[in-house]
1. Within chain A, count lysine pairs with alpha carbon atoms under 16 angstrom apart where the residues are 8 or more positions apart or belong to different chains.
2. Pop the C-beta distance of A:D81 and B:V53 into the FRET formula with R0 = 56 Å and round what comes out to the nearest 0.05.
3. Percent of accessible area on the protein assembly as shown owned by carbon and sulfur, 1.4 Å probe?
4. Assuming R0 = 35 Å, what is the FRET efficiency of B:S13 and A:M1, from their Cβ-Cβ distance, to the nearest 0.05?
5. Could you give me the ³J(HN,Hα) list for the range B:48-64, computed from phi with Karplus coefficients 6.51, -1.76, 1.60 and θ = phi - 60°, whole Hz, x at Gly and Pro?
6. In peptide A:200-213, how many Cβ atoms from other protein chains are near each Cβ within 10 Å, on average?
7. Using a 7 Å offset from Cα along Cα-Cβ at A:R110, what residues in the range A:153-180 end up with backbone N under 15 Å from the label point?
8. Taking 41 Å as R0, compute the FRET efficiency from the Cβ-Cβ separation of B:L24 and A:S249 and round it to 0.05.
Amino acid sequence: MAKVLVVTSGKGGVGKTTSTAALGATLAQMGQKVVVIDFDVGLRNLDLVLGAERRVVFDFINVVQGIANLSQALIRDKRLDNLWLLPASQTKDKDALTEEGVSKIIAELRTRFDWIVCDSPAGIERGAMLAMRYADEAVIITNPEVSSVRDSDRIIGMLDSKTVKAEQGGRVEKHLLITRFDTARAARGEMLSIDDVLEILGIPLLGIIPESQDVLRASNVGSPVTLNDASSAPARAYIDAARRLMGESVAMTVPTPRKGLMDRLLGRRAA
Amino acid sequence: MNLPWLFGGRTASAPVARERLQILLAHERGLRGQPDLLELLRAEILSVVSKHVVLDPEKVIVRMDRGDVVSMLEVDIEVPNVAEKWIAAVT
């Protein structure tokens with residue numbers, strides 16, 4: 001059975017696109033057939049993070065409008081045979097994305113993929129609503145910071161009321177993914193702890209992604225962080241999170257960077 | 001264990017963040033799911049006035065200015081200046 005997963009947050013810049021790419025790539029590596037959809041009409045970026053920006057010919061809205069069919073718009077990842085991208089439109093009017101059009105495309109993708117991962121735009125407007133509209137599950141991306149936690153709470157309320165699942169009396173299964181976490185700062189009381197965020201938001205934890213330069217390094221070269229350096233701390237955290245999405249039980253840890261000998265000798269702080 | 005003097009004299013700010021969020025979200029969650037009061041007032045005012053006067057629904061504006069002690073509810077209804085319409089609506 002295909003699953004529609006929305007990656008959402010309310011707040012911008014917390015790591016939705018990074019997480020969509022990393023989780024999508026890891027699920028694909030686990031043998032699942034995955035399509036990642038960019039819902040950020042006008043500000044698409046998932047293509048860039050996946051390194052597919054020069055291969056975009058048709059986009060989501062072209063398919064909604066019947067200018068192209070799905071097969072023409074889907075871009076297959078060059079590294080992973082099981083991973084596909086449906087890019088957002090960069091130029092067109094946002095209103096071109098209709099609920100009916102999205103519904104039709106999701107229904108068609110359900111017959112062809114195991115996972116349909118929807119990368120939501122920031123905010124609570126139309127694009128974000130459409131990204132979550134048909135979701136079975138949701139990954140809520142939260143930074144341990146007050147504005148991000150507040151916006152996540154708002155998004156959780158919307159997942160419980162504005163989705164098709166909720167309207168039919170069901171529940172979207174929600175998972176919390178805490179990103180940009182700094183264990184040392186949380187220990188010093190400078191940053192909300194994992195327990196603080198969990199207690200406030202009250203949804204189950206999918207994973208903890210440590211703050212890391214590896215994330216920027218991977219997006220610089222157009223590769224999901226899990227493919228760029230699978231042994232890096234954020235990659236290991238994303239891989240664990242993807243395994244939990246697949247129903248595996250994996251002990252919850254905050255991966256730390258593996259220090260080299262020189263780092264140890266010089267007492268260097270890991271990047 | 002909280003030993004702020006160990007960290008350059010700065011006190012931990014995370015507990016403040018946590019408390020502020022708990023208070024704020026308790027309030028915001030309470031508001032959620034309630035119908036928008038102004039929209040409700042607007043719809044009911046429109047339906048009452050429309051019984052007697054032909055109105056453009058877009059020209060019924062309901063505003064609330066919240067003050068510390070009292071708030072001001074302002075209802076602004078534009079009525080077309082056509083005598084025939086008045087009579088038609090009233091009779």
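The values are calculated or read from the model by the stated rules, or taken from the named source; none is laboratory data. Predicted model, so just to flag it, every value in this text is computed and none were measured. With ideal geometry, Cβ positions are generated from the backbone for all residues, glycine too; neighbour counts draw on all protein chains shown. To get the accessible areas, we keep the full protein, side chains included, count just its heavy atoms, and leave off ligands, DNA and RNA. Shrake-Rupley method; radii C 1.70, N 1.55, O 1.52, S 1.80 Å.
1. 8
2. Using R0 = 56 Å, I get an efficiency of 0.25.
3. Ligands and nucleic acids excluded, carbon and sulfur give 52 percent.
4. 0.15
5. Ordered by residue, 3J(HN,Hα) equals 5, 5, 5, 5, 10, 9, 6, 10, 8, x, 5, 9, 9, 10, 10, 10, 10 Hz.
6. 1
7. Label zone hits: A:163-173.
8. The computed FRET efficiency comes out at 0.75.
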